[in-house]
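Data block below; observations after.
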Amino acid sequence: MISEEIIQRIIDENDIVDVITESGVRLKRSGRNYFGLCPFHHENSPSFSVSPEKQIFKCFGCGEAGNVIGYVMKNKNMSYYDTLKYLAERVNIQVEENKAEIENKKRIQRFYDINVDAARYFFSNLMKNKEALSYFTGRGIELGTIKSFGLGYALDSWGELLKYLKSKKYTDKEILSLGLAIEGKNNRIYDRFRNRVIFPVFDYKGNVIGFGGRVLDDSKPKYLNSPESRIFEKRKNLYGLNFAIKKGLKDYVIIVEGYMDAISLHQFGVTNVVATLGTALTTEQAKLLKRYVNKVIIAYDADFAGQSATMRGLKILKEAGFLVYVLRIPEGKDPDEYIRNNGKLAFVKLVEAAESLTEYRISSLEGNFNIDKQEEKIAFINEAANVLKESDPIERDIYVKKLAEKTYISEQAIYDKIAEKGINANLEQQEYNFGDNGQNLYLEKGYIKAERALLKILLQKEEYTKFIVDNISVEEMILDSHKFLYNLILGCMDVSFEEKVKSVQLKCTDNDSFKELTHILLEEINYEEVEVEKLIEDYILSIKKNNLEIKKRELVKKIKQCEAAGDIQETIVYVKELEEIQRNLKSFTNA
Ligand SMILES: [Zn+2]
């Protein structure tokens with residue numbers, strides 16, 4: 001734990017303009033603020049602003065906002081605690097760590113050391129073993145690539161690695177907890193990786209966190225990976241990201257399936273590549289990637305791409321706000337094979353021809369149906385409608401036109417089919433719109449503005465606290481970060497506005513709270529024009545109405561499911577609830 005006093009000093013002494021400039025954003029002064037290209041979304045003209053007075057930043061393009069801590073957390077993808085330590089160090093503030101923290105850090109560092117020693121050992125084995133080395137060289141991997149990826153070989157032995165690591169004074173317990181060795185019957189401990197070529201797995205900072213081992217022949221299992229450990233969490237990591245970052249990421253990253261795909265592409269000079277190692281993408285991985293790029297191109301082999309788990313992974317990427325493209329590799333080859341046979345230029349051509357996710361999903365569907373047959377045509381449109389209900393409206397328009405031309409079914413009928421499926425109205429915080437200069441400008445949803453304004457009033461006009469609390473509870477707030485801030489603000493009454501803001505800021509530890517607090521501070525309320533109570537009522541109404549809309553959407557969905565399942569009684573219950581909500585909504589509108 002770092003005391004609030006120290007946190008305040010860290011905020012005070014790290015000037016946000018300096019910190020942002022150091023991170024590589026070129027800021028230009030214009031009036032009271034600085035402007036530059038946003039590091040969090042792709043843009044060509046500056047909409048990222050920094051206020052030296054308020055010590056906050058805000059992007060008018062993507063809505064990202066925060067103070068200096070929030071900036072570093074997001075920009076460097078660091079935890080709250082690591083960010084505080086980083087900023088403290090930057091201005092020479094001593095952050096005393098307690099004993100447990102120091103011990104923990106030492107333990108983790110030793111884990112990394114063990115893995116580095118193991119990796120070196122595997123590498124030296126590889127250099128001495130012709131058969132293993134030929135696994136790589138036979139696949140066109142050069143010595144320089146082997147070195148930079150730290151590839152290796154685990155001897156065909158039950159205890160050589162163990163012996164080596166113990167000679168380095170590591171304990172059985174440490175080696176076991178990293179999964180480099182396994183404890184068998186009679187407490188016998190033996191090497192996990194035997195007679196396999198080895199791929200060290202790095203985290204995005206370049207620490208060795210685990211290993212993957214592949215057999216040299218066709219025996220099973222083909223791949224064996226380190227188990228999850230204190231330092232190896234598969235769902236939070238992407239293979240090759242450290243190398244991609246080092247080489248400088250362009251505006252997109254290519255996601256491949258396996259170690260060899262990533263390594264091979266690197267060797268051919270396609271370096272913005274990461275591998276998922278044969279598992280479906282997770283939200284944590286999407287978040288990690290989002291720090292660096294806004295566009296991803298999936299280059300899986302056809303079998304893997306077709307799986308529903310893969311599709312789920314792609315949806316996760318889309319929901320995380322990526323532009324998702326899918327690259328088709330001809331003749332069912334994998335990227336490694338393709339680039340070796342056809343060269344870099346041919347691969348780059350494939351990248352350029354990558355299809356959007358919607359396009360890909362629809363054209364994949366098409367292969368399953370013979371649309372010359374009436375029945376199959378209907379089934380195809382039905383499935384395509386499922387895909388299109390999830391796409392954005394502009395994309396939807398384009399594909400409805402295409403489908404209509406292809407199937408001779410009218411556009412209207414296809415739209416009806418999509419509407420029948422229910423267009424996914426997910427709770428996005430913001431909608432994108434094309435502004436006059438062709439740039440994406442984000443529009444806040446009304447209820448988000450209402451919640452921010454309400455919290456601003458709570459900060460500025462303490463005398464209305466009771467009125468607000470009596471009319472809207474914490475649970476009724478829609479954004480989680482607003483619930484959190486609402487509670488915090490209620491916890492610090494009887495002090496000045498500035499004091500309140502400071503004390504709330506010191507208790508924020510995640511990006512969303514920093515972001516929303518900043519938006520709340522920037523929210524301007526004109527108290528002169530209307531009665532404050534009326535203003536508050538309007539905001540609350542807008543929030544409550546939205547809560548009802550959410551409930552309504554959920555109910556409509558449930559009713560459809562029950563109807564489909566033939567569950568009449570349940571349906572009636574839900575319909576009654578729906579009627580009640582609709583009455584409520586109506587009364588709001590009439591009020
Ligand atoms: Zn931005």
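Between the listed residues I540, L454, I478, the Cα displaced farthest toward the positive end of the dipole of the stretch 445-591, a dipole computed from Cβ unit charges relative to the Cα centre, is found at I478. Counting heavy atoms of the protein chains alone, L216 has an accessible area of about 40 Å² for a 1.4 Å probe. Only Lys, Arg, Asp and Glu carry charge here, each on its Cβ (+1 for the first two, -1 for the last two); on that basis the stretch 99-232 has a dipole of about 280 debye about its Cα centre. Projecting label points 7 angstrom from Cα along Cα→Cβ for I189 and E331 puts them 5.0 nm apart. Amide hydrogen proximity for S47: with H placed 1.01 Å from N in the peptide plane, the residues at 5 or more positions away or on another chain lying under 5 Å are G36, C38.
The dipole here belongs to the stretch 464-513: it is taken about the Cα centre, uses +1 on the Cβ of Lys and Arg and -1 on the Cβ of Asp and Glu, and is about 140 debye. A 1.4 Å probe, protein heavy atoms only, puts the accessible area of S148 near 70 Å². For T145, the accessible area of its heavy atoms, probed at 1.4 Å with every protein chain present, is near 10 square angstrom.
Here is the list for the stretch 150-250: trypsin sites (Lys or Arg not before Pro) lying in DSSP coil, each with at most 15 other C-beta atoms within 10 angstrom of its C-beta, are K168, K169, R188, K205, K222, R230, K250. Histogrammed with a bin width of 5 Å, the alpha carbon distances of the stretch 488-591 distribute as 2, 10, 13, 12, 13, 12, 11, 10, 8, 6, 3, 1 percent, first bin at zero.
Ranking of S308, S473 by solvent-accessible surface, largest first: S308, S473 (1.4 Å probe, protein heavy atoms only, all chains present).
Between V17, F60, A88, whose Cα lies farthest towards the positive end of the dipole of the stretch 1-89 when Lys and Arg beta carbons carry +1 and Asp and Glu beta carbons carry -1, centred on the Cα centre? Comparing the listed Cα positions along the dipole, F60 ranks first. A cut-off of 5 Å between modelled amide H atoms, ignoring neighbours fewer than 5 places along the same chain, links V25 with no other residue. When the trypsin sites (Lys or Arg not before Pro) in the stretch 306-379 are filtered for DSSP coil states and for at most 14 other beta-carbon atoms within 10 Å of their beta-carbon, the remaining sites are K373.
Would the stretch 535-591 count as rounded, prolate or oblate if I go by the C-alpha gyration tensor, calling it rounded below 1.5 in a/c and otherwise prolate when a/b exceeds b/c, oblate otherwise? Each step should come with its number before you reach the end.
On the way: a/c = 4.90, a/b = 2.70, b/c = 1.81.
Because a/c hits 1.5 or more and a/b exceeds b/c, the stretch 535-591 counts as prolate.
Estimated from helical segments only, the mean residue ellipticity of the chain at 222 nm is -16500 deg cm²/dmol, where each DSSP H run of four or more residues counts as -39500 (n - 2.57). Inter-label distance, L522 to V116: 4.1 nm, where each label sits 7 Å from its Cα along the C-beta direction. A Cα-only calculation for the chain places Rg and Dmax at 28.1, 84 Å.
Taking the Cα centre of the chain as origin and assigning +1 to Lys and Arg Cβ atoms and -1 to Asp and Glu Cβ atoms, the resulting dipole is close to 2420 debye. Sorted largest first by accessible area at a 1.4 angstrom probe radius, with every protein chain in place, the residues L288, L37 fall in the order L37, L288. For L323, nonlocal amide neighbours, meaning residues 5 or more places apart or on other chains whose placed amide H falls under 5 Å from its own, are K295, V296.
With a Förster radius of 45 Å applied to the C-beta separation of R90 and I182, the computed FRET efficiency comes to 0.55. Solvent-accessible surface of the chain, taken per residue with a 1.4 Å probe and all protein chains present: 52 Å².
Computed from backbone phi with θ = phi - 60° and the Karplus coefficients 6.51, -1.76 and 1.60, the 3J(HN,Hα) list for the stretch 113-123 is 4, 4, 4, 5, 4, 4, 4, 4, 5, 4, 5 Hz; x is used for glycine and proline.
Report the FRET efficiency, 1/(1 + (r/R0)^6), for K250 and R107, where r is their Cβ-Cβ distance and R0 is 51 Å, rounded to 0.05. Don't jump to the answer; show the numbers that get you there.
Numbers: r = 38 Å, r/R0 = 0.74.
With R0 = 51 Å, the Cβ-Cβ based efficiency is 0.85.
Projecting the Cα atoms of F347, I189, N386 onto the charge dipole of the chain (Cβ charges, centred on the Cα centre) puts I189 farthest toward the positive pole. Evaluating 6.51 cos²θ - 1.76 cosθ + 1.60 at θ = phi - 60° for every residue in the stretch 248-254, the Karplus couplings come out as x, 7, 7, 8, 9, 10, 9 Hz, glycine and proline recorded as x. Of the cross-linked pairs K28/K534; K74/K545; K58/K552; K449/K558; K250/K401, which ones have a Cα-Cα span greater than 31 Å in the structure shown? Exceeds cut-off: K28/K534; K74/K545; K58/K552; K250/K401. The loop-placed GluC sites (Glu not before Pro) in the stretch 1-58, going by DSSP, that have at most 12 neighbouring Cβ atoms within 10 Å of their Cβ come out as E53. Residues of the stretch 105-120 falling in the label zone of R230, defined by backbone nitrogen less than 16 Å from a point 7 Å along Cα to beta-carbon, are 105-116. Kindly identify the stretch 4-90 as rounded, prolate or oblate by the Cα gyration tensor criterion: order the square roots of the eigenvalues as a ≥ b ≥ c, call it rounded if a/c is under 1.5, otherwise compare a/b with b/c, prolate if a/b is larger, else oblate. Cα axes put the stretch 4-90 in the prolate bin.
Only beta bridges with both residues in the chain are counted; by DSSP, about 75 percent of them are antiparallel. Here is the tail figure for the stretch 1-48: Cα pairs spaced more than 14 Å apart come to 60 percent of all pairs.
Compute the signed sum of charges (Lys and Arg +1, Asp and Glu -1) over the other residues within less than 11 Å, Cβ to Cβ, of D156. Don't jump to the answer; show the numbers that get you there.
Working: positive: R194, R196; negative: E131, E160, D191.
Taking every Cβ under 11 Å from that of D156, the sum is -1.
Computed extension gain for L585 through D397, at 0.36 nm per residue and net of the alpha carbon distance, reaches 64.6 nm.
In this simple spin-label model, placing a label point 7 Å from the Cα along the Cα-to-Cβ direction at both S23 and E4 gives a separation of 2.6 nm.
The convex hull defined by the C-alpha atoms of the stretch 188-301 has an orientation-averaged projected area of 8.1 nm².
Averaging the sequence gap over all C-alpha pairs within less than 8 Å and six or more residues apart, then dividing by the number of residues, gives the chain a relative contact order of 9 percent. For the stretch 140-225, rounded, prolate or oblate, judged on the Cα gyration tensor with a ≥ b ≥ c (square roots of eigenvalues), a/c < 1.5 rounded, else prolate if a/b > b/c? In terms of gyration-tensor shape, oblate. Our coupling estimate for the stretch 212-221, obtained by passing each phi through the Karplus curve with A = 6.51, B = -1.76, C = 1.60 and θ = phi - 60°, is x, x, 10, 5, 7, 10, 9, 6, 10, x Hz, Gly and Pro reported as x. Across L522, L165, the residue with the most accessible area heads the list, and the full order at a 1.4 Å probe is L522, L165.
Over the stretch 445-591, what is the mean sequence separation of C-alpha contacts under 8 Å (at least six apart), divided by residue count, expressed as relative contact order in percent?
This gives 29 percent for the stretch 445-591.
The values are calculated or read from the model by the stated rules, or taken from the named source; none is laboratory data. What you are looking at is a predicted structure, and each value in this text was computed from that prediction instead of being measured. Every residue, glycine as well, gets a Cβ built from its backbone with ideal geometry; the counts of neighbours run over all protein chains shown. The area values use the complete protein model at the heavy-atom level, side chains included, leaving out ligands, DNA and RNA. Shrake-Rupley method; radii C 1.70, N 1.55, O 1.52, S 1.80 Å.
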